[in-house]
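A.B. asks: Supplied in structure tokens, the structure appears directly below.
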Amino acid sequence: MSVKVHEPRRGKWKIPVIIAVVIAAVCLIGAGVVMKDSGGVSVADGSVKINVEEGAGSASVADMLSEEGIIKYPLVFRVQAKLGGYDGKFQPGTATIEDGMSYSQILDLLVTDSRDVTKITIPEGYEIKQIAQKLDEAGIVGWQDFYAALNPDDYDYDFLKGLPQRDGVMEGYLFPATYEIPEGADAHYIIDLMLAAFDSQFTDEYKARAQSLGLTVDQVVTMASIVEREAGSSSEMAKVAGVFYNRRNSGMKFQSCATVQYILHERKPTLSIADTKIDSPYNTYIYPDFPIGPICNPGIDSIRAALYPEATDAYYFVVGKDGSHVFSTTYEDHLAAMNGADPAVSVDGSAIENQDSLKQ
């Protein structure tokens, strides 16, 4: 018996094999083009600035980079962003994309909060108006835009809830510190940055301590703001706080010159009797207990002093000639201390025409 062996029909396989080879080659070439672009973008002028909006995701960032001609394959960029865990972490503000940067390098840049920044220091004891002015002068954001963004309802922090209606309702909560502001950041972003700093500084321990004192967070911050403006140094803050708590507990008015200065919108070295009679909920010469709100944005030392005041029998203090305060228990001792005080700076950090107004 003979067996007939059939030759393989090469003709029918020839075309599919060729097509597969061509497709593979095209894929490899395409992948090479994509990898070349994702491995190093081409920026004609060497660098280009882009602005990332707050809350931008990988899709909108990829589209923006594509529209600017920075990347050619937004889908690849989005995939890298998703797989690399970058999505949802893009920081708002301006970033500079350099020629030759890879997609990975661009992604790393866009999630960092230290790119193209302006460093600015907000001193302890600054009022909102001073913060707005400083930001405006630094060219970071206009003071009008800053004021327009001061709406507590636009920020999600427990300490802003239930605050009374007052001038500068967010006074006291824009924490003084050194900030790095990304170029292009708007007023809302900057305010939120300061509020977040306060939130991190006013710890659970501080909240519990405020509750044990029978005080609200707002009252603690208000006391801290007065201490910030009245104390000559951080070493005196706890004792100054103790004096004001003594006055409060004994039914005396606070009679803080700093609260009157806040009403006047200036730090007058000498207050008139008329100044101390201005009808304002901030005037502690007229109204007992805490003023309606903070008079500045206090630092952490004054906040801690308000929470942990020094136990003292003093009810009065006056600035001495050496710049430190002289504390007195009785009004008579206080008058004697005033005789040796700095004549230019007297009771509670400033002078008053008639010091007898303090005897209440």
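A.B. asks: For residue 166 and residue 68, calculate 0.36 nm times their separation in residues minus their Cα-Cα distance, and state this gained length in nm to one decimal.
C.D. replies: Taking residue 166 through residue 68 to full extension adds about 30.7 nm, to one decimal.
A.B. asks: Please compute the volume of the convex hull spanned by the alpha-carbon atoms of segment 57-133 and report it per residue in Å³.
C.D. replies: Normalising the Cα hull of segment 57-133 by residue number yields 123 Å³.
A.B. asks: Here's another thing I want to ask about it. About the Cα centre of segment 77-126, what is the dipole size in debye to 20, counting +1 per Lys and Arg Cβ and -1 per Asp and Glu Cβ, all else neutral?
C.D. replies: Using Cβ point charges on Lys, Arg, Asp and Glu, segment 77-126 gives about 200 debye.
A.B. asks: Taking the Cα centre of segment 212-358 as origin, work out the dipole magnitude from +1 charges on Lys and Arg Cβ and -1 charges on Asp and Glu Cβ, in debye rounded to 20.
C.D. replies: The calculated dipole for segment 212-358 is roughly 220 debye.
A.B. asks: Related question: For segment 212-358, count the residues as N, evaluate 2.2 N^0.38 Å, and divide the Cα radius of gyration by that value, please.
C.D. replies: 0.95
A.B. asks: Using a Förster distance of 45 Å, how high is the FRET efficiency between residue 82 and residue 133, based on the Cβ-Cβ distance and rounded to 0.05?
C.D. replies: 0.55
A.B. asks: When you have a sec, figure out the Kirkwood radius of segment 123-222 from all distinct Cα pair distances and drop it here in Å to one decimal?
C.D. replies: Values: mean 1/r = 0.0699 Å⁻¹.
The Cα-based Kirkwood calculation yields 14.3 Å.
A.B. asks: What's the FRET efficiency of residue 324 with residue 158 using the Cβ-Cβ distance as r and R₀ = 45 Å, to the nearest 0.05? Don't skip to the answer; put the middle values down first.
C.D. replies: Details: r = 38 Å, r/R0 = 0.84.
Approximately 0.75, to the nearest 0.05.
A.B. asks: For a quick check: sort 188, 325 by the number of other beta carbons within 10 angstrom, fewest at the front.
C.D. replies: Fewest to most other Cβ atoms nearby, the residues stand as 188, 325.
A.B. asks: How high is the relative contact order of segment 170-298, in percent, with contacts defined as C-alpha pairs under 8 Å that are six or more residues apart? Intermediate values should be presented prior to the final figure.
C.D. replies: Numbers: 139 pairs, mean separation 42.3, N = 129.
Here the relative contact order equals 33 percent.
A.B. asks: Can you give me the C-alpha center-to-center distance between segment 257-293 and segment 169-206, rounded to a whole angstrom?
C.D. replies: 27
A.B. asks: Which of 228, 205 has the fewest other C-beta atoms within 10 Å, and how do the rest follow up to the most?
C.D. replies: Fewest to most other Cβ atoms nearby, the residues stand as 205, 228.
A.B. asks: Also, quick follow-up: Would you mind ranking 338, 237 so that the residue whose beta carbon has the fewest other beta carbons within 10 Å leads the list?
C.D. replies: In order of increasing Cβ crowding within 10 Å: 338, 237.
Coordinate-derived values only; no laboratory data. Computed from a predicted model, the values in this text were never measured in an experiment. With ideal geometry, Cβ positions are generated from the backbone for all residues, glycine too; neighbour counts draw on all protein chains shown.
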